[in-house]
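Notes follow once the structure below has been shown.
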Amino acid sequence: MEARAYLRNARISPRKVQIVLDLIRNQPTDVALAILKNTPKAACEPLEKLLKSAIANAENNHNMDKNSLYVAECFACPGPIMKRVRPRAQGRAFRVLKRTSHVTMVLREKE
C-alpha cells in the first residue's frame, strides 16, 4: 500500500530540487519534515507542502498509520521550459531558459 502526491510545473530547476530530495529519501516522515524545515534551500518550501499533502493522502484516502510512514520514493523530472530573451552587448539577444519541475513523492508504511 502506498500514497502518492505530485507537484507539477514547480518554477524551480530539477537539479536544485534533486539535491533536497536526496536528503529526505528513505527517511521517516517526521524526520523528513524536520530536514525540510531546517535546510536553507529554495526547494524546501514547496517540498514541505508536497510531503504534508502526501501524508494527508495516506491518512485520508488509504487509512494508513501516520506514525509508521516513510518516504519510499521521491524524484524530480523536468517540466516545460519557458524561453525568455535578455538583451546583450551590441544589440544581440541572449536566451534564458526558465526551467520547471514535476516532483513525485511516494510514501509507504514500515513493515
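Data for the structure
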read-out: Count of segment 53-71 residues which are surrounded by fewer than 16 Cβ atoms within 10 Å (Cβ to Cβ) and outside any loop (DSSP other than H, G, I, E, B); value: 8
read-out: Subset of segment 83-98 that is in a strand (DSSP E or B) and among the aliphatic types (A, V, I, L, M) - its residue that is farthest from the chain's Cα centre (by Cα); value: A93
read-out: Residues of segment 1-29 classified as touching a Lys or Arg at 6+ places or on another chain (Cβ under 7 Å) and assigned to a strand (DSSP E or B), total; value: 1
read-out: Condition met for A32 (at negative phi, surrounded by 14 or more Cβ atoms within 10 Å (Cβ to Cβ) and part of a helix (DSSP H, G or I)); value: yes
read-out: Conditions (1) within 30 Å of P28 (Cα to Cα); (2) exposed (fewer than 12 other Cβ atoms within 10 Å of the Cβ); (3) not small (G, A, S): number failed by R86; value: (1)
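Any read-out appearing in this document is the output of simple, stated calculations on the displayed coordinates, not a laboratory observation. Everything quoted here is computed from the prediction, not taken from an experiment. Quick reminder, even Gly has a Cβ in these numbers, built from the backbone with ideal geometry, and neighbours come from all protein chains shown.
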